[in-house]
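S.K.: A single structure is presented below for examination.
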Amino acid sequence: MFNTTKKKENIIIFFFFLIFILLIASTSLFIKPKYKKNSDLEMKAIYAVVEEISFDNTKGSFDRTKNEYKYQEFKILVKEGKYKGKSYWMRNTIETADVYNIILKEKDKILVTITEDENHNINNIHIYDRKRDHNIYLMLALFVFIIIMIGKLQGFKSILSLVITGVLIVKVLLPMILSGYSPILTTILLSIFIVSFTLILISGLNKKSIASILGTLSGVFISGIISLIVGYSSEITGLANEDTQQLVYLLNYPDINFKGILFAGIIIGSLGAVMDVSISISSSLYELKRVKPKIKRNELIKSGINIGKDIMGSMSNTLILAYTGGALELMLLFMASNMTFKEIINLDIVCVEIIRGLAGSIGLATTIPLTTIICAYFYKNDIN
């Protein structure tokens, strides 16, 4: 019996991997963006190191009330691209009234953009930003090490599911949206695949994982429906965010459903938390049924609701605090501007964040009874 179940599980996981590969391949071959890129924004940032600073009057504190200019003159060594190994002199202009300034030291790692004229001669070198990706990679390696060290095989499966989810979003979801496909429909279909694959990979092919899948998809579906209804009735544009406005400019006003992108983001944002709640409840009830096989269905449902109540409080706070943390600067801006509550709550960008947080929390809350009821019927007899 065990070998038969394991064999079926391996076949289904292989089937998911096959679909994953086909999705990536078909998107790369057949899905082509319908927009025209803005040629003015196609410069690529390349890695360089500050070799020498010949002039620097940026020492000391700046008087932000006075709009003055400070300067750094330095030599960089390009580390990649067609100019790799070549050195160039640059000037870094610092505006004292600007709160975001890049003040460099020798051996600092930076990214620069190099523009050429029609004869391919360099006419400008501009500082793009500091090079920070090496720190991100180190932190990522630490994350993978800790997850695998603590979780062993389950930790490896978690990392694998996370990688596949990331690849699907970057290689399938985003290209399809940029190609004009429905953001909401595409997100729903990918969410079904991600949830099913993740839970079967981590929990195996059993009633527990199937109940978790159904509970998660039910909660996310309710969250998405509520956000759609409230969003459309509130006439949310999906264009209040500065990043979205830059996207419109970058893509030269393509025929893309930005409101749909907003609601697709809400679905993806609530997916992880809802999945966590669903698997927690189904696992708890699975163990309860295993320890007490003769437990009645009503007792199982009551236990599931009680377990869910404890989970709901912490997970709702987690979701709301995550969104609050992302909008902290915006809230500080409102407070510093002495805006009234009525002025703040009616802003498009504020409505979006409120809908995002509340829709996810409603999805969490409704996942609890839905998953509990599903588990009660799935576990009514044998749980194997």
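The values are calculated or read from the model by the stated rules, or taken from the named source; none is laboratory data. The structure displayed is predicted, hence computed values, not measured ones. Heads up, the Cβs are rebuilt from the backbone with ideal geometry, glycines too, and the neighbour counts pull from every protein chain shown.
S.K.: If I ask for residues that are surrounded by 12 or more Cβ atoms within 10 Å (Cβ to Cβ) and small (Gly, Ala, Ser), which ones from segment 44-94 would you list?
M.R.: Passing the criteria: ALA45, ALA48, GLY81, SER87.
S.K.: As an exercise: evaluate SER54 against (1) under 26 Å from the mean Cα position of the chain (by Cα); (2) modelled with pLDDT of 80 or more and give the number of the one condition it does not meet.
M.R.: (1)
S.K.: While we're looking at this one, here's another question. Take LEU364 and tell me if it is touching a helix residue (DSSP H, G or I) at 6+ places or on another chain (Cβ under 7 Å) and assigned by TED's automatic domain parsing to the domain that holds ILE222.
M.R.: yes
S.K.: A further question follows. I'd like to verify a number: residues in segment 58-114 that are modelled with pLDDT of 85 or more and farther than 18 Å from HIS126 by Cα, how many?
M.R.: 0
S.K.: Sticking with this structure for a sec: Being among the hydrophobic types (A, V, I, L, M, F, W, C) and over 34 Å from the mean Cα position of the chain (by Cα) is true for just one of LEU300, LEU271. Which residue is that?
M.R.: Just a single option satisfies the conditions, and that option is LEU300.
S.K.: Something else: Just one of the numbered conditions (1) in the same structural domain as ILE19 (by TED's automatic domain parsing); (2) hydrophobic (A, V, I, L, M, F, W, C); (3) surrounded by 14 or more Cβ atoms within 10 Å (Cβ to Cβ) is not true of VAL144; which one?
M.R.: (1)
S.K.: Further question on the same structure: Select from segment 284-316 the residues that are in a helix (DSSP H, G or I), over 12 Å from ALA376 (Cα atoms) and not polar (S, T, N, Q) and list them in ascending order.
M.R.: Passing the criteria: GLU287, ARG290, VAL291, ILE307, GLY308, LYS309, ASP310, ILE311, MET312, GLY313, MET315.
S.K.: Now a separate question. Which strands (runs of 3 or more DSSP E) sit wholly inside segment 81-184 and have at least 1 residues that are touching a helix residue (DSSP H, G or I) at 6+ places or on another chain (Cβ under 9 Å)?
M.R.: By residue number, 109-116.
For every residue, the table says whether it meets (1) crowded, with 17+ Cβ neighbours inside 10 Å; (2) in contact with a His (Cβ under 9 Å, 6 or more places away or on another chain); (3) among the small types (Gly, Ala, Ser); (4) modelled with pLDDT under 85.
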| site | (1), (2), (3), (4) |
| --- | --- |
| SER182 | no, no, yes, yes |
| THR186 | yes, no, no, no |
| LEU190 | yes, no, no, no |
| PHE193 | yes, no, no, no |
| THR198 | yes, no, no, no |
| SER203 | yes, no, yes, yes |
| LYS207 | yes, no, no, yes |
| ILE210 | yes, no, no, no |
| GLY215 | yes, no, yes, no |
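S.K.: Please work out which one of (1) under 25 Å from ILE267 (Cβ atoms); (2) touching a residue at least 12 places away in the same chain (Cβ under 8 Å); (3) of a type outside the set (Phe, Trp, Tyr) is the condition ARG297 fails and give its number.
M.R.: (1)
S.K.: Next up: Quick test of your reading of the structure: ALA336 fulfils all but one of (1) more than 26 Å from the chain's Cα centre (by Cα); (2) over 27 Å from SER234 (Cα atoms). Name the failing condition by number.
M.R.: Status for ALA336: all satisfied but (2).
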